[in-house]
Amino acid sequence: MVSTAVPQKMTHLTKLGNGITLIVTENPVADLVAARLFFPKAGSRWESPAQSGLFHLLAAVITKGTEKYTAVEIAEQVESIGASLGASASNDYMALSLKTVTKDFQTILDLAAEILRNPTFPADEVELERKITLQNIRSQLEQPFNVAYKQLRENMYPQHPYGMSILGTDETVKDLTPADLKAAHYQHFRPDNLVISLSGRINLEQAEAMIDRALGSWENPSEPLPMPSVPVLPPTGGMWLHEQDSQQAIVILGYLTGTIADADFFALKLISTYLGNGLSSRLFVELREKQGLAYDVSAFFPTRLSQSQFVTYIGTAPKNTAIALKGLQKEVQRLVDAPLSEAELQVAKNKLLGQYALGKQTNSQLAQIFGWYESIGLGVNFDNEFKNHIERITPAEVHAAARHNFKNPYISVVGSQDALSLLEDIELS
C-alpha cells in the first residue's frame, strides 16, 4: 500500500486492498468528521435515454431500507447520535454524504457501509420517491428559467446524457422499477469504483482502520464496468423560442465548450467570474445597474467531465426581450473583439480565488472538493494547481479562449407571444 501526501496540506491519498481510494484531510480544529463517498462511474453520464433519472431515483431510495434496517430504523440511528446522512446524484457521479462528531464516526460509517452494500429498494419507498420526483419535474415546467434552460440543454446536447435533466422525464421515471435500481446498484456500487474523502479530526491510520472494519470485506464483481457511450458534439448553435405566459422573459445565450482537460478551462472560469459573478460583475453593472434591463442576470461555467457549457442569462420585462438579448451578445462580443485590461483581469482573479478559498472552510466542503477532484481524474493536487493556473493567466490567453469558444451561439428564450415577436430580426452571431 502506497501513500502520498499533498504538499502544504495535511491531505493524504492512499489505495486500499480492495480498490477503494481513500483521501484524508486532517483538520483537528473542530471535533467533527465529514465524509463524501463518491462513485465516479455513476450518475447521468451512465444512464441510457430510456432510463433517464435512474441514479437520481436510486439516490433518493438507497437510504430507505437495507437487509438489516428499515427506513425508520436508519433515520433513528442517524438522529440518535445527531449525525447527518444523505445521498445525491449528479451528471458525473453519485455520492453518499456523512457528518458526525468524531467519537461516533465509526457508527455512522458502519451504517453507511450497510446502506451501500445491502440496499433493498422497497417497492413502497420507490413509489413514494417516484411521485415526489414526478412532482418536481412538473413543477419545473412552470418555472420560466427552468423551461428555458431545459430547451437550451436539450438542443445543445442532442443524444447526450447532459441533454437530460438529472431528474429524468415524466415518461422515463414512470417506467423505472425496483429491479432497475437493483441492477444499477449491482453494476456500479463496488470498491474499485469508490472514492472516500474524509475531513476532520482523524488521521490516515485511524481512517484506514475504520474503513477496513466497515468495508474491508467488500469484494469486487468479476466483470468490469462497461464504459458509457458519450458522443463528442460539434458546436452547431441555433435559436429556440418557447411561448409561456409570464411577467418576465428569460433569455439564455450559451456556448458549447470543451472538457476539464481543455486548455481554455481556467480562462473560461475567469471569464465566467468577470461577466456574471456578483453585484460588481460586468453583466450586472451594464445590463441591470446602467440600463435597468434585468430582474436577474448572471453567467456560469460548470466543471464537467465531458463537454461543458458557458451560459449567460437574463430575466427581463417582456418589452425588453430583444434589447436584453442584444445586451448579452454585446458583452460576449466585447470579449471576442479585444482582451481584458490587466486591471479587469486582476479583479476577476481576486474575486475567483477569494470565493474559491471561502468554499473550503468547512470539513464538508474539504471532503467534497478533494473527493470531487479525485473522482473526475484531476487528483487532489489540483487544489494547488487551480490557484497557480489562475494566477498565471494573461489577458491574451483569456482573449484567445473567448475567440475560440464564443462562436455558434445557442439562444433559448421563454416568454409571452408579444415578447417572442420582438426577436424576429435578431441575428445569431
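Every number here is computed from the coordinates shown, using simple stated rules; none is lab data. Note that the structure is a prediction, hence the values are computed from the model and not measured. Neighbour counts are summed over all protein chains in view; Cβ atoms, including those assigned to glycine, are modelled from backbone coordinates with ideal geometry.
In the set [x] 65, 49, 39; [y] 60, 52, 44; [z] 106, 66, 55, the label that goes with Cα extents along the principal axes in Å computed for this structure is [x].
Sort Met210, Met94 so that the residue with the fewest other Cβ atoms within 10 Å of its own Cβ comes first and the one with the most comes last.
Exposure proxy ranking, most exposed first: Met210, Met94.
Given R₀ = 41 Å, what would the calculated FRET efficiency be for Ala75 paired with His242, taking r from the Cβ atoms and rounding to 0.05? The value I calculate is 0.50. With the simple model of a label 7 Å out from the Cα in the direction of the Cβ, Lys103 to Glu391 spans 4.2 nm. Distance between the C-alpha centres of region 162-227 and region 324-348: 42 Å, rounded to the whole angstrom.
Under 27 Å of direct C-alpha separation, and excluding same-chain neighbours fewer than eight residues apart, Lys387 reaches these lysines: Lys9, Lys15, Lys269, Lys349, Lys351, Lys360. Between helix 204-215 and the chain there is an angle of about 80 degrees, using the helix long axis and the longest principal axis of the Cα atoms.
Footprinting exposure proxy ranking of Val311, Val413, fewest other C-beta atoms within 10 angstrom first, gives Val311, Val413.
Taking Leu366, Leu335, Leu225 in turn, the Gaussian network model of the chain (Cα-Cα springs below 10 Å) assigns the largest fluctuation to Leu225. Other residues whose C-beta falls under 15 angstrom from the C-beta of Glu125 contribute a net charge of -2, scoring Lys and Arg +1 and Asp and Glu -1. Neighbour counts of C-beta atoms inside 10 Å place Thr316, Thr177, Thr14 in the sequence Thr177, Thr14, Thr316, starting with the fewest.
Available extension along the chain between Lys407 and Asp180 is 77.7 nm, counting 0.36 nm per residue and deducting the alpha carbon span. When the helices of the chain are scored as -39500 (n - 2.57) per DSSP H run of n ≥ 4 and the total is divided over every residue, the value at 222 nm lands at -12500 deg cm²/dmol. Taking 27 Å as the straight-line reach from the Cα of Lys174, the lysines in range (excluding those fewer than 8 positions away in the same chain) are Lys41, Lys64, Lys131, Lys150, Lys182.
Note on Lys326: lysines with a C-alpha under 19 Å away, same-chain residues under 8 apart excluded, are Lys290, Lys407.
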